[in-house]
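Trainee: Right, I'll just put the structure down here and ask away after.
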Amino acid sequence: EAGSSSNSGSAGNLDSASSVVSGDFSSEVDVDGSKNITIMGSTTDYSNPVEVHVSPSSGSGFVKWGYDIYPDSSGNFSLQLSGIAVNYIKLKYTGSATVTATALHN
């Protein structure tokens, strides 16, 4: 199912040049009403995956989504989620890094 014709979200809304260690979470982003989400970003940790966590409620109830994001050799990463129904999304880091990450959605 198609979302709206324009995207919501802003650059660095998950993290903006943030120093993270394994187990840290990004900010959560409200994606309620969106069916399509694109997560994109860059990290200085090329070896460890980034986990996607979703929840029906702000602040609690987050569970790991079935996909991890693996950065390429330059540290860039992206993931497209289409036709989904979640209200909040955030990332969990599995290594130490400096990360900038964005979630755009419609």
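The values are calculated or read from the model by the stated rules, or taken from the named source; none is laboratory data. A quick note: this is a predicted structure, and the numbers were derived from the prediction, not measured. Cβ: placed from backbone, ideal geometry, glycine included. Neighbour counts: every protein chain shown. We work out accessible area using only protein heavy atoms, side chains counted, and drop any ligands, DNA or RNA first. Shrake-Rupley method; radii C 1.70, N 1.55, O 1.52, S 1.80 Å.
Trainee: It is to be established whether one or more residues within the range 14-29 are assigned to a strand (DSSP E or B) and touching a Pro at 6+ places or on another chain (Cβ under 8 Å). Even if it seems obvious, please write down each step before you answer.
Mentor: In the first step, residues of the range 14-29 are kept if they are assigned to a strand (DSSP E or B); the result is 15-20, 25, 29.
Now restrict to residues that are touching a Pro at 6+ places or on another chain (Cβ under 8 Å): none.
No; the residues of the range 14-29 include none that is assigned to a strand (DSSP E or B) and touching a Pro at 6+ places or on another chain (Cβ under 8 Å).
Trainee: Could you list, in sequence order, the residues of the range 30-55 that are farther than 16 Å from ALA97 by Cα and assigned to a loop (DSSP other than H, G, I, E, B)? Before you say what the answer is, go through the steps one by one.
Mentor: Our first condition is that a residue be farther than 16 Å from ALA97 by Cα; within the range 30-55, this holds for 30-39, 52-55.
Selection gives VAL31, ASP32, GLY33, SER34, LYS35.
Trainee: Another question, then. Just for the range 69-86: of the residues that are assigned to a strand (DSSP E or B) and open to solvent by less than 50 Å² (accessible area, probe 1.4 Å), which one is farthest from LEU104 (Cα to Cα)?
Mentor: Step one: of the range 69-86, the residues assigned to a strand (DSSP E or B) are 69, 76-82.
Still in the running and open to solvent by less than 50 Å² (accessible area, probe 1.4 Å): 69, 77, 79, 81.
Working: ILE69: 16, PHE77: 14, LEU79: 11, LEU81: 10 Å.
Within the range 69-86, the match that is farthest from LEU104 (Cα to Cα) is ILE69.
Trainee: Listed residues VAL29, VAL21, VAL54, VAL50; which is among the aliphatic types (A, V, I, L, M), touching an Asp or Glu at 6+ places or on another chain (Cβ under 9 Å) and either modelled with pLDDT of 95 or more or within 22 Å of SER6 (Cα to Cα) (or both)?
Mentor: Numbers: VAL29 fails: touching an Asp or Glu at 6+ places or on another chain (Cβ under 9 Å); VAL21 fails: touching an Asp or Glu at 6+ places or on another chain (Cβ under 9 Å); VAL54 fails: touching an Asp or Glu at 6+ places or on another chain (Cβ under 9 Å).
Of the residues listed, the single one that is among the aliphatic types (A, V, I, L, M), touching an Asp or Glu at 6+ places or on another chain (Cβ under 9 Å) and either modelled with pLDDT of 95 or more or within 22 Å of SER6 (Cα to Cα) (or both) is VAL50.
Trainee: Would you mention how many residues in the range 1-16 are at pLDDT 95 or above, open to solvent by less than 70 Å² (accessible area, probe 1.4 Å) and either closer than 16 Å to GLY95 by Cα or among the polar types (S, T, N, Q) (or both)?
Mentor: The qualifying residues number 2.
Trainee: On to the next question. I need the full set of residues from the range 36-55 which are open to solvent by 60 Å² or more (accessible area, probe 1.4 Å) and within 15 Å of the chain's Cα centre (by Cα), in order please.
Mentor: Of the range 36-55, the ones open to solvent by 60 Å² or more (accessible area, probe 1.4 Å) are 40, 44, 46-47.
Of everything in the range 36-55, just one residue is open to solvent by 60 Å² or more (accessible area, probe 1.4 Å) and within 15 Å of the chain's Cα centre (by Cα), namely MET40.
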